[in-house]
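What follows is a short report on a single structure.
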Ligand code: 5AD
């Protein structure tokens, strides 16, 4: 049975940290929810929408993303930016261009900025850090980054510069699948990075890819369990899209309906999470984005990367689904909601995990 909205199953924070796991009954409702179709599916999505409303009202967070560089030292087999994709024109934006985007073309609905790049410590140090130092002084925007697994000291430097949110996905919580997909480093190291970020006071958002080739229901449920154990502030699910220029390019695209079931299960099992609607949902179907907002998602992202470089920031395919402010506002309205006036980081910080600010120099081995 799907838990009624309001009967929160989100106990991880109350317990002040990590969770032991799930009672069998809870695993069972998720298994049937993940496979729901027909009326059961409609009621699953509606319950998730109600759970979102109970916690966040009808407000959807709006984050602007600037993709600052597409160099990547990783070689994930699903991702078009993998280092072995020689077909990609690699770029790092000039600092001046990033400043111009922020200074001149920030849509009014944006309360948050996210700096995203492949795993490229040069871009982190030379572009992202100095720009964040400049803009954080104004304290106008919530600042987050999605820059991969890097040295702990760089996390600390980013935080000192003023970043507060770190987006770092697991993709899968199954160690063997993680290894086969050539995800960054090892699952253990990725988890260790997430735990470090949480411990040092970041609002951490993670995520998974749904519908990866040969993914089993057990792997999916195990991944959801692991994500729930991490004291996260948010979590996303991307439908698997066979990426151009990747070893998985001829695999099957994930099923949209089932991916929406995952969105709903994330919301029902962790009502406090900030759950983004990802633009890849619109690659499955043009209704995907709005439907995710109606299945419990509560964050929308506007792409602010200058058009000249967008095509080269190729996670899936060159012709991306670019979410402009106009598209986002329309989707939010179609979902019966309004843009939030508050940053997702400010909202998440009102439920702080048991964080202590421990500098890397004192906590890393
Ligand atoms: N399908 C779905 N999501 C993908 N990502 C990258 N490649 C794919 C793909 N083929 C997502 C992953 C990654 C983020 C940068 O984009 O979640 O962490």
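Each value in this text was obtained by applying a stated rule to the coordinates, not by laboratory testing. What you see is a predicted model; the values in this text were computed from it and never measured. Every residue, glycine among them, receives a Cβ derived from its backbone with ideal geometry; neighbour counts consider all protein chains shown.
Details
- Residue satisfying all of: in the stretch 56-86; more than 19 Å from the chain's Cα centre (by Cα) and more than 15 Å from the ligand (Cβ to nearest atom); surrounded by the most Cβ atoms within 10 Å (Cβ to Cβ) among these: 58
- Hey, residue 113 in contact (Cβ under 8 Å) with a residue 24 or more places away in the chain, closer than 21 Å to residue 163 by Cβ and in contact with a strand residue (DSSP E or B) (Cβ under 9 Å, 6 or more places away or on another chain) or not: yes
- Sole exception among (1) within 12 Å of the ligand (Cβ to nearest atom); (2) outside any helix (DSSP H, G or I) for residue 259, by number: (2)
- Residue tally, condition part of a loop (DSSP other than H, G, I, E, B), in contact with a strand residue (DSSP E or B) (Cβ under 8 Å, 6 or more places away or on another chain) and within 11 Å of the ligand (Cβ to nearest atom), over the stretch 226-251: 1
- Against the list (1) closer than 26 Å to residue 293 by Cα; (2) more than 13 Å from the ligand (Cβ to nearest atom); (3) surrounded by fewer than 20 Cβ atoms within 10 Å (Cβ to Cβ); (4) in contact (Cβ under 8 Å) with a residue 40 or more places away in the chain, the condition residue 216 fails is (4).
- Scanning the stretch 280-289 for residues that are buried (at least 23 other Cβ atoms within 10 Å of the Cβ) and either free of Cβ contacts under 8 Å to residues at least 12 places away in the same chain or assigned to a loop (DSSP other than H, G, I, E, B) (or both) turns up just one, 280.
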